[in-house]
Each structure stands twice: as structure tokens, then as C-alpha cells.
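Down below is the structure, laid out as C-alpha cells.
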Amino acid sequence: MSNLEGKNILVTGASSGIGQAIAIRFAQHGANVAINYRGSAEQAESTRSMIRVLRNGGGPGKEMVVQADVSGEQQVRTMFARVIAEFGRLDVLVNNAGIQHPSASHEVEITDFDRVLAVNLRGPFLCAREAIRHFLSRPGGGVILNNSSVHEIIPKPKYLPYSVSKGGLENLTKSLALEYADRGIRVNAVGPGAVVTPINRAWTNDPRARREVESHIPAGRAATPEEIASVFTFLASDDASYITGQTIFACGGLTLYPEFRTAWSSGE
Ligand code: NAD
């Protein structure tokens, strides 16, 4: 992967799941990684330990752990100030933190709706705003990557705030990409399908439920976090230097209308 060595990366929600895998994958490419977490310092430290283990096997790079709730404006500002003070500059922001709240749509409490939107959409906006202010303050541009979802384009009944937040993230990605393309800033998103992470405890820990989920995926299985992380490092690298405003779906075919795997509508 070209040019990630020595680059400075901030990954939000990097204490578990896909965010942890992204932090580790950037470190494998020799990048310096800021590991953001909201609640569990212990889990964030475990991401740092995993990175240190692989660095001891050889390879350059630094890492830091930084606490912040991405939905809080002041906390986000303080996080960016700390990361830029520690690393000297920031090259790549990965907006990964996200939550979901299952409920029949007519029973969603406004506090739950607001909370999901605050973490999944206001958070990426607040972080992107700080990143862009920094990118514009010095030469060299920068990269912003958003962890979206197949539910950016596929409706998700009973997860309305989540679905709405990911739909909004598509527009955030495209609008920022268009606005800043001429200043060397690329903005893209990754749209994972079903990935084996803590957010999916409900089915990952239950073999029957997992078989049911995987039966709907054309590739026949859920993804590992590492399979998603590698799309982030690609999009951050110069190998993707002419890609902006796109969502790359890493979903094992989930966005291909799996119901049409067999002909059922043409009378054949
Ligand atoms: P996860 O629950 O392991 O990761 C979410 C992370 O976000 C956690 O580390 C959590 O602590 C952090 N977080 C939550 N609220 C935060 C806040 N306010 N501030 C900072 N951090 C916060 O689950 P995951 O699957 O790794 O999810 C990561 C991202 O991937 C999410 O945006 C999710 O929507 C997206 N995604 C996941 C899947 C999947 O199947 N797992 C599919 C599509 C998209």
C-alpha cells in the first residue's frame, strides 16, 4: 500500500470491532494512530497493546489513546487539539464510531432517535469540520473516511434512526467531497454489510441466528472486521488518489438485491 508509512491517522470508536481492526491495519502499514474511545479506557488500551505487539515485531510508528464522545462539540475540539499537538499534524480522519437502537419505528423515543443521530451523523460532521479546518491550515490536503453501512441505501425497518443516520452520511460524504475536492481533500465512505463485531452480539454469539443472517448474504457468510479495515487503508492511500465522494460497499453482495438470485418475477 503506497504512502501510509509515517501518516497520522485518527480513528473514532477504535476500542472495539471494525474501528479496532482499522487502527491495527493502519499501524501495520507504519502509520501513527490515534485511538479514540468514549467509555472504556481499558478496551482502548487493548487496541494499543495489540498495535505495540505488532510494532515490536518490526516497523515504525507511534500510537496514542484519546477519550472523547464524538457527539460533543467541545470534546471533539479538545480531541483534535490533543492529536495534532502529539503528532504535529493529522493526515487521515476515520469516522467509525456508531450505535444503533432497535425498536418498532412508531415506538422510538425521541431521546433514542436524537442519540443515534448525534453519534452517527453529528459526530462525523463535528470531526470532519475539525479535520477540514486543520487540512486547510497547512499544505498537503487530507483524507476523511466515513464508516457507513449497506443501510445507507437499503432501508432497515425497526432500526429507523440508524438507517436515517447512514443515509445522511452518504450526503455528508458527497457534499464534503464536492466542496473540498479542489483543495486536495478526499472524502469517501465504506459501506459494510454484516460484520462479526460487538454491535451484532444478538446473532454472532448464537449459531442458529448466525446461520439465519448468513443465509441472506450472497457470499454465504458475514465479514471479518479485517476485511472491512483493508478497504479503509486502500481509500486512505495514494492508490485511491483519484477517488472521492464514493461509498465502496464491502458487503458480500448484499446490495445486489439478493432476492433476485433466482428468477421469480419473470414467469420463467
Ligand atoms: P462496535 O460496537 O464494536 O463499535 C462501535 C464503536 O463506537 C465502539 O467502540 C463504541 O465504544 C464507539 N462509540 C459509540 N458511541 C461513541 C461516541 N459517542 N463517541 C465515541 N465513540 C463511540 O461495532 P462495529 O460493528 O465495529 O461498528 C463500527 C461502525 O461500523 C459503526 O459506525 C457501524 O454502524 C458500522 N457498521 C457495522 C456493521 C456491522 O455489521 N458490524 C455493518 C455496517 C456498518
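Output the peptides 185-192, 223-230, 140-147 sorted from most to least packed, where packing is the average of other Cβ atoms within 10 Å over each peptide's residues.
By packing density, highest mean first, the sequence is 185-192, 140-147, 223-230.
To the nearest 0.05, what FRET efficiency results for S241 and E42 with a Förster distance of 35 Å applied to their C-beta separation?
0.40
What's the center-to-center distance, using Cα atoms, between region 97-157 and region 8-79 in Å?
What the calculation gives is 18 Å, centre to centre.
Please turn the phi angles of region 147-157 into ³J(HN,Hα) values with the Karplus equation 6.51 cos²θ - 1.76 cosθ + 1.60 (θ = phi - 60°), one per residue in order, whole Hz, x for glycine and proline.
Per-residue couplings from phi come out as 8, 9, 4, 4, 6, 4, 10, 9, x, 10, x Hz.
Please work out whether region 54-147 counts as rounded, prolate or oblate from its C-alpha gyration tensor, where a ≥ b ≥ c are the square roots of the eigenvalues and a/c under 1.5 means rounded, while otherwise a/b larger than b/c means prolate and anything else oblate?
It comes out prolate by the Cα gyration axes.
Under 22 Å between alpha carbons, and skipping anything fewer than 8 positions from K158 in its own chain: which lysines qualify?
Straight-line reach from K158, under 22 Å: K166.
Full extension from A81 to A181: what is 0.36 nm times the residue separation minus their Cα-Cα distance, to one decimal in nm?
Values: separation 100, 0.36 × 100 = 36.00 nm, distance 2.44 nm.
Separation in residues times 0.36 nm, less the Cα-Cα distance, equals 33.6 nm.
Carbon-plus-sulfur fraction of the accessible area of region 8-252, 1.4 Å probe, in percent?
52 percent
Which residues make up the longest stretch of the chain clear of chymotrypsin sites (Phe, Trp or Tyr not before Pro) that lie in a DSSP loop with no more than 13 other Cβ atoms within 10 Å, not counting the sites?
Of all site-free stretches, the longest is 1-241.
Can you list residues from other chains, or at least 5 along the same chain, whose modelled amide H is less than 5 Å from the amide H of I248?
Here A189, V190, G191 satisfy the definition.
Under a straight-distance cross-link criterion of Cα-Cα below 15 Å, which aspartates and glutamates are reachable from K62, leaving out those fewer than 8 residues away in the same chain?
Answer for K62, where 15 Å is the Cα cut-off: E5, E45, E86, D91, listed by chain and number.
The values are calculated or read from the model by the stated rules, or taken from the named source; none is laboratory data. Just so it is clear, the model here is predicted, and its values are computed rather than measured. Here the Cβ is made from the backbone with ideal geometry for all residues, glycine too, and neighbour counts use every protein chain on show. Heads up: the accessible areas ignore ligands, DNA and RNA and are worked out on the full protein's heavy atoms, side chains in. Shrake-Rupley method; radii C 1.70, N 1.55, O 1.52, S 1.80 Å.
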